[in-house]
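A quick write-up on the structure given underneath.
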Amino acid sequence: MTTSTDVEPQASPPRARGDRIFAGLSRGAGIAILVALAAVFIFLAIEGIPGINKPASNYRPLDSFVPYVGRLLFGTIFAGLIALVIAVPFALGIALFISHYAPKALAVPVAYVVDLLAAVPSVVFGLWGARVLGPYLVTGHKWLEDHLGFIPFFKGPASVTGKTVLTAGVVLAIMILPIITAITREIFKQAPRLNEEAALALGATRWEMIRLSVFPYARSGMVSAIMLGLGRALGETMAVAMVISASPVYTLNMISNTNPSTIASNIASSFAEATPDKLAVLIATGLVLFVFTFAVNFAARAVVARSERKFQR
């Protein structure tokens, strides 16, 4: 008679070769990304830190690095926030329409068209924004000045060319729309079907079902999608450089000819004619953008992790 202590533990089955290969490739890809990020940071630090203490002529119209990069960082954040305010409601609405409202015959082509927007080069968006959208929005800028001029954002005087930071924000919003839409659409589709059916069976309307069953499940993914869209907006170069004539200034006026510049567009427009000292200054501003973007993504991951912990309780 054998006892429980006499039973030999069964060895775990060997991992299939495909699993080992996939695990190795995944691990290698993750390490490669970290190495690439570290290499970029090291390059920016080595080449950019000397640009912090260059002669004052390299920071014109300012005289030192901190005021110079501060105005550029303000413009970067300002344009990115405008893009988010415009893009996020449309992106979430389109994602919900595709995942929960539209019939499949309509949802598939709509999703395909939205995804195609991500393949359009930024220079095409820039040309369209400068040649078509900007002049088209001139009337809208004038209306905003006449009716909402008491708000600092629309104080005016309204631009007669349409090349404003508001126009740039609209262009950036269209550029980040497919990123946010695609991610949130897939997350909405993964919401537990049983929870949705239970909410409907209890008498909830479709919107109440989405608000109580889909949004809590998808909250962390929505934050991640929005942060990815913000990262695209913060790093955009040519579209912003082609749409606005910018200068390093602090201003909340979105419809005037005086527009704040962004770090990326300033690098793109100044790189070709930069002296070695000026090039070091531009790389230093790129280092600031890199660190700021990393900090934003780190904060977003912290928010996502906290949201996931609350949802699991």
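Quick notes
- Surrounding net charge for Ala268, when Lys and Arg each add one and Asp and Glu each subtract one, Cβ distance under 15 Å: -1
- Coarse-grained scattering of the chain at q = 0.08 Å⁻¹, given as base-10 log I(q)/I(0) from a Debye sum over alpha-carbon atoms: -0.50
- For the stretch 133-181 versus the stretch 183-252, the spacing of their alpha-carbon centroids is 22 Å.
- Sorting the segments 178-191, 104-117 by their residues' average number of neighbouring beta-carbon atoms within 10 angstrom, most packed first, yields 178-191, 104-117.
- Cα convex hull of the stretch 172-296 - mean projected area over all directions, nm²: 10.2
- Summed over qualifying helices (DSSP H, 4 residues or more, each -39500 (n - 2.57)) and divided by its residue number, the chain shows a 222 nm mean residue ellipticity of -22000 deg cm²/dmol.
- The value given for the stretch 166-234 is a Kirkwood hydrodynamic radius of 13.2 Å, derived from the mean inverse Cα-Cα separation.
- Scanning the chain for long hydrophobic helices, with DSSP H runs required to stretch 27 angstrom or more by C-alpha along their axis and to average at least -0.5 on the Kyte-Doolittle scale, returns 17-48, 65-96, 165-189, 215-235, 276-312.
Throughout, read-outs are computed from the coordinates displayed, never taken from laboratory work. Just so we're clear, the structure is a prediction, and the values are computed from it rather than from any experiment. Backbone-built Cβ (ideal geometry, glycine too); neighbour counts: all protein chains shown.
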